[in-house]
1. Looking at Ala267, Ala258, Ala273, which one is touching a strand residue (DSSP E or B) at 6+ places or on another chain (Cβ under 7 Å) and not acidic (Asp, Glu)?
2. Please indicate, with yes or no, whether at least one residue in the stretch 222-233 is open to solvent by 10 Å² or more (accessible area, probe 1.4 Å), modelled with pLDDT of 95 or more and not hydroxyl-bearing (Ser, Thr, Tyr).
3. Would you mind telling me which numbered condition in (1) open to solvent by less than 40 Å² (accessible area, probe 1.4 Å); (2) among the small types (Gly, Ala, Ser); (3) without any contact (Cβ under 8 Å) to a residue 40 or more places away in the chain Ala316 fails?
4. Under 6 Å by Cβ, and 6 or more places apart or on different chains, what pairs join a residue from the stretch 230-244 that is of a type in the set (A, V, I, L, M) with one that is at pLDDT below 95?
5. Hey, can you tell me all the residues within the stretch 277-309 that are assigned to a strand (DSSP E or B), open to solvent by 70 Å² or more (accessible area, probe 1.4 Å) and of a type outside the set (D, E, K, R)?
6. Among the residues of the stretch 406-443, which ones are of a type in the set (Ser, Thr, Tyr) and under 10 Å from the mean Cα position of the chain (by Cα)?
7. Name the single residue that is nearest to the chain's Cα centre (by Cα) among those in the stretch 296-355 being of a type in the set (Ser, Thr, Tyr) and modelled with pLDDT of 80 or more.
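The values are calculated or read from the model by the stated rules, or taken from the named source; none is laboratory data. Source: prediction; values computed, not measured. Counting neighbours? That spans all protein chains shown, and the Cβs are built from the backbone with ideal geometry, glycine included. Keep in mind that these areas ignore ligands, DNA and RNA; they rest on the heavy atoms of the full protein, side chains included. Shrake-Rupley method; radii C 1.70, N 1.55, O 1.52, S 1.80 Å.
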Amino acid sequence: GMAVAGPFLKVLRRNVLFRSQIRCLNSFNEPLIREKFQLHEIVKSMVHNKKMSLEDALGNIEDAVCEHLAMMELITSEKTPAASTPDSRLSRMIPNIHKFGKFFTPLPLRQAYHEMNGIIPISQRAHVPVSFHEIRHIFNLAQVVAIADSVRLLTFDGDKTLYEDRSSLDSESPLVEPLLALLQKGCAVALVTAVGYPEPSPYESRLSGLLERLKYEDVSVYSNLFVVGGQCNYLFRCEKGGKFAEVPDEDWRDPLVASWDKKDVKAFLDLAADTLENLCNDFKLKFSLVRKPLASGVLYDGEENPSVPLFLDEIAFEVRDALQDHFSPAGLRLSSGQTGSLPFCTFNGGRDVFVDVGSKAIGIRSLQRYLGLVNRHFVDDENAVFEDEMAHTLHVGDQFTRAGNDLLARKVASTLWVSEPSETLFFIKRLKKEIHQKAALSITN
């Protein structure tokens, strides 16, 4: 029960908004869709099927990631094309690993396991095996520890990551304080969201609590806060007085995004809208169609029932399949379709399904370039070898299944998979502590 997760739950109890979220580390609900490429699933399978201890299974993956990174480094140092994934143990475990992103850091999973086991004594359970979510927490913790001394940019999804679904980061949110502390340390922070508006006011209301605090900060602090809207279509930067100002397209926009033809975009979104409408009718779902300049979507208007998320996932996959016949494959790989290359993402947003032109991977890469963290664009040859594949960016989100829009961020950033703001709070506070400890250690040395 509640006593089990001691220190973690103290963090959660501090704010009334999160009292209902105390279940977060004790949830045993599995994701609806099994993801064969998820390392979390492989660890679970090792424990359940091969009867390995959780510690041994995590150690096995930690070593496999280290070996994979060493082989990738060899490819880079020899300047050979990285077209083929190295024949590492990890790539044999997950044959399509290159499709779903890169490893930017080792993962100290053994260390993370011992720390998490001190919070939730998983190893003491004799009959109930480790859950997917507990493994996810261990991976998150390992990633936090690994990236703390090099992180320069933190990007966040909005709903269910920084704030509750359809809510905002108000002045009462316990996340305001740690985010402000990271901005004060010179770390860039960005909300990267599917929500697409050409003007800043909707984003200002979503981040109102943090912006209120930034009114009293110096330019060296407030100018570190950004919003990437519509996946990759709008960029805003915080200015004096806690207000967002749009960054001109020519200063940051990816050439791929800039080259989209309006006729192609319209044809794409028309096809998306027709497909979404037909699927909703086929599945007898009550819905409203939504059309934005760079997105088509359906909002579910019916009553809640356990099957609805399954149908919304199904719609996300089916519309993706239909669109891939005409356009490039979901932004996973850029290829020429009937009207040239048009990367897109389709995702189940909880009570809606949207098709967006662009993806978070392009948005995050564009911001990395704007900040001088990389010197290339998202569309640059994926097989070329670049020297700037550094562990400088951490993306935090809740949509990492194949029906989610955070998945593609793995191509350009290390990631944390959370399920609600209380988890984000725990891991961001832990990151802040780790940054402080590593900074103190480097001073001593």
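1. Values: Ala267 fails: touching a strand residue (DSSP E or B) at 6+ places or on another chain (Cβ under 7 Å); Ala258 fails: touching a strand residue (DSSP E or B) at 6+ places or on another chain (Cβ under 7 Å).
After ruling out the rest, the residue left standing is Ala273.
2. So the first thing to find is which residues in the stretch 222-233 are open to solvent by 10 Å² or more (accessible area, probe 1.4 Å), and the list is 222-224.
Then drop every residue that is not modelled with pLDDT of 95 or more, which leaves 222-224.
Narrowing the set further to residues that are not hydroxyl-bearing (Ser, Thr, Tyr) leaves 224.
Yes: the stretch 222-233 contains one or more residues that are open to solvent by 10 Å² or more (accessible area, probe 1.4 Å), modelled with pLDDT of 95 or more and not hydroxyl-bearing (Ser, Thr, Tyr).
3. Every listed condition holds for Ala316 apart from (3).
4. So the pair list comes out as Leu235/Trp252.
5. Our first condition is that a residue be assigned to a strand (DSSP E or B); within the stretch 277-309, this holds for 287-292, 295-300.
Filter once more, so that each one left must be open to solvent by 70 Å² or more (accessible area, probe 1.4 Å): 289, 291.
The one that is assigned to a strand (DSSP E or B), open to solvent by 70 Å² or more (accessible area, probe 1.4 Å) and of a type outside the set (D, E, K, R): Leu289.
6. From the stretch 406-443, those of a type in the set (Ser, Thr, Tyr) are 414-415, 419, 422, 424, 442; that's our starting set.
Once the filter is applied, which keeps residues that are of a type in the set (Ser, Thr, Tyr) and under 10 Å from the mean Cα position of the chain (by Cα), the stretch 406-443 yields Ser414, Thr415.
7. It comes out as Thr346.
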